[in-house]
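The values are calculated or read from the model by the stated rules, or taken from the named source; none is laboratory data. This structure is a prediction, so every number in the text was calculated from the model and none was measured. Virtual Cβ from ideal backbone geometry, glycine too; neighbours counted across all protein chains shown.
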């Protein structure tokens, strides 16, 4: 039984909404999967913040029309398609799909779209090798913490004292001020 025009418009609107919240879209050829297997794929993908959406290619084509971020998806829209629309953890979503594919051996990843770029199978696999969001945040925090520590160590490295009123100034700062002063004196002469 075919869908009415109103039902198709609702599906397109839903696809547009899901895409607007997604970072990555993977297009899967699901031919040969049973209803139970598609349900299993949906269940597995849910914890990764991924929506597993089965839709006609023509409806997805209408949903991405005019949206530069998702337009490259058109090259993957052929045959029977299931769309994995990743909201949160790309790495976990790809690995979860790969595990599902190994278990069923019935699906094929056609490609994906990330930030307006079409991704080949190798590109998608490369995404799994990137550090996770949590790892990147930890590295950034460690780097930011190291800056003041190195600055403090540098300022206190060689404590040469200079009386400036009541305060004592670390030697490295004294040397820096002296070098700037000497440079300005030599330029003035």
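Could you say whether any residue in segment 26-33 is part of a loop (DSSP other than H, G, I, E, B), within 24 Å of residue 131 (Cα to Cα) and in contact (Cβ under 8 Å) with a residue 12 or more places away in the chain?
Among the residues of segment 26-33, not one is part of a loop (DSSP other than H, G, I, E, B), within 24 Å of residue 131 (Cα to Cα) and in contact (Cβ under 8 Å) with a residue 12 or more places away in the chain, which makes the answer no.
Please work out if residue 153 is assigned to a helix (DSSP H, G or I) and at pLDDT below 75.
Taking the combined requirement at face value, the residue satisfies it.
What about residue 11, is it surrounded by 15 or more Cβ atoms within 10 Å (Cβ to Cβ) and outside any helix (DSSP H, G or I)?
No, not satisfied.
Could you tell me whether any residue of segment 138-147 is modelled with pLDDT under 90, touching a helix residue (DSSP H, G or I) at 6+ places or on another chain (Cβ under 6 Å) and surrounded by 12 or more Cβ atoms within 10 Å (Cβ to Cβ)?
The answer is no; no qualifying residue exists.
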